[in-house]
Amino acid sequence: MSETVSFGYEDVTPAEKTARVGGVFTNVAARYDLMNDAMSGGMHRLWKDRFVRRVKPRRTDQILDMAGGTGDIAFRLAESGASITVADINPAMLDVGMKRAQERGIDGLVWTEANAETLTFPDRFFDAYTIAFGIRNVTDIPKALREAHRVLRRGGRFFCLEFSTTQWPGFAEVYDSYSHKLVPRLGQLLANDADSYRYLIESIRRFPDMPTFERMIRDAGFIETKVEPIMGGLVAIHSGWKI
């Protein structure tokens, strides 16, 4: 791993990124839906529905939903009857998720504080690994991908939903202007926190493009990797198999 990593448009030490990302998500945990609505114009709900349809959870599955603290993906996966473990490095996010599960009457989810880079689960434990809008905030992404591969059984499936770079002519410029100029202002207006929202937008710009990230997934050991662009690549569903 290099001596510095990106924190938005800044280059910082790995330890500093981990600490600062933790601060961002502690700040936004209570306003998670508001954050995602601001960043996606409310479209994130539809994208998550589509993501879970691609996972095709089965009742017999053991699924790890990484960086899923507030439960958005886990609640959708749980409708299948699968056994879901929700893992997140940030306890504030997990607190929000557990409260939301209680309010919705959703029982049976396992909630655990965990770092995607150093999972404590045994080898070949899960049938599927999901991570939605979380991988770009990981300090050492290749290490997290290797951990995902390790904890999956043979035949296990990896699925990642993440912002990327849209290739639609004209739309990229419009979204770039909206995200850089308007989203931090909305963060300040609605959550009194422009800096956290600014980082989240900048982190999208620093994230690898679709071919590069697909290559990283293959380098971690996955095969049959696929990329499904949404809105020209504004968002993408990445997937791969472990054999």
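The values are calculated or read from the model by the stated rules, or taken from the named source; none is laboratory data. Small disclaimer: the values here were computed from a predicted structure and weren't measured. Reconstructed Cβ throughout: ideal geometry from the backbone, glycine too, with neighbour counts over all protein chains shown. SASA here: full protein model, heavy atoms, side chains in, ligands and nucleic acids out. Shrake-Rupley method; radii C 1.70, N 1.55, O 1.52, S 1.80 Å.
Stretching Lys143 away from Arg218 to a fully extended chain increases their span by 25.7 nm, per 0.36 nm per residue minus the current alpha-carbon distance. Between Asn137, Asn36, Asn90, the Gaussian network model of the chain with springs among Cα atoms under 10 angstrom shows the greatest mean-square fluctuation at Asn36.
Taking a sphere under 9 Å around the Cβ of Asp127 and counting the other residues whose Cβ falls inside, with K and R at +1 and D and E at -1, yields a net charge of +2.
Which percent of the accessible heavy-atom area of region 20-109 goes to carbon and sulfur, probe 1.4 angstrom? Of all accessible area on region 20-109, carbon and sulfur atoms account for 49 percent.
Mind checking the log10 I(q)/I(0) for region 21-118 at q = 0.16 Å⁻¹? Debye, one equal scatterer per Cα, no solvent, two decimals. Values, matching the q order: -0.67.
Rg and Dmax of region 66-144, both derived from C-alpha coordinates alone, stand at 12.2, 36 Å.
Once the Cα gyration tensor of the chain is found, what semi-axes does its equivalent ellipsoid get, as square roots of 5 times the eigenvalues, in whole Å, sorted largest first? Before the final figure, lay out each step's value.
Numbers: eigenvalues 132, 87, 67 Å².
Over the Cα atoms of the chain, the ellipsoid semi-axes are 26, 21, 18 Å.
Shape of region 111-243 from the C-alpha gyration tensor: oblate (a/c of 1.5 or more and a/b not above b/c, with a ≥ b ≥ c the square roots of its eigenvalues).
Restriction of the GluC sites (Glu not before Pro) in region 1-101 to DSSP coil positions whose beta-carbon has at most 16 other beta-carbons within 10 angstrom yields Glu3, Glu79. Distant-in-sequence amide contacts of Arg124, defined by a placed amide H-H separation under 5 Å and a gap of 5 or more residues or a different chain, comprise Val151, Leu152. Across all directions, the shadow cast by the convex hull of region 115-172 built on its C-alpha atoms averages 4.8 square nanometres. Counting protein heavy atoms only, region 129-243 has 55 percent of its accessible area on carbon and sulfur, 1.4 angstrom probe.
In this simple spin-label approximation, Glu16 and Thr4 carry label points 7 Å from Cα along the Cα→Cβ vector, and these lie 0.8 nm apart.
Between Leu190 and Ser177, the distance separating the two model label sites (each 7 Å from Cα on the Cα→Cβ line) works out to 2.1 nm.
GNM on the chain, alpha-carbon springs under 10 angstrom: the most fluctuating residue among Val86, Val174, Val110 is Val174.
Once the Cβ-Cβ distance between Val227 and Asp49 is put in as r, and R0 is 22 Å, what FRET efficiency do you end up with, to the nearest 0.05? Once the sixth-power term is evaluated, E becomes 0.70.
Local charge for Glu117 was computed over the other residues whose Cβ lies under 15 Å away, with Lys and Arg +1 and Asp and Glu -1, and equals +1.
Using a 1.4 Å probe, what is the accessible area per residue for region 1-92, in Å²? Kindly include the intermediate steps, with their values, before the conclusion.
On the way: 4020 Å² over 92 residues.
That works out to 44 Å² per residue.
Beta bridges per DSSP, both residues in the chain: antiparallel share near 45 percent.
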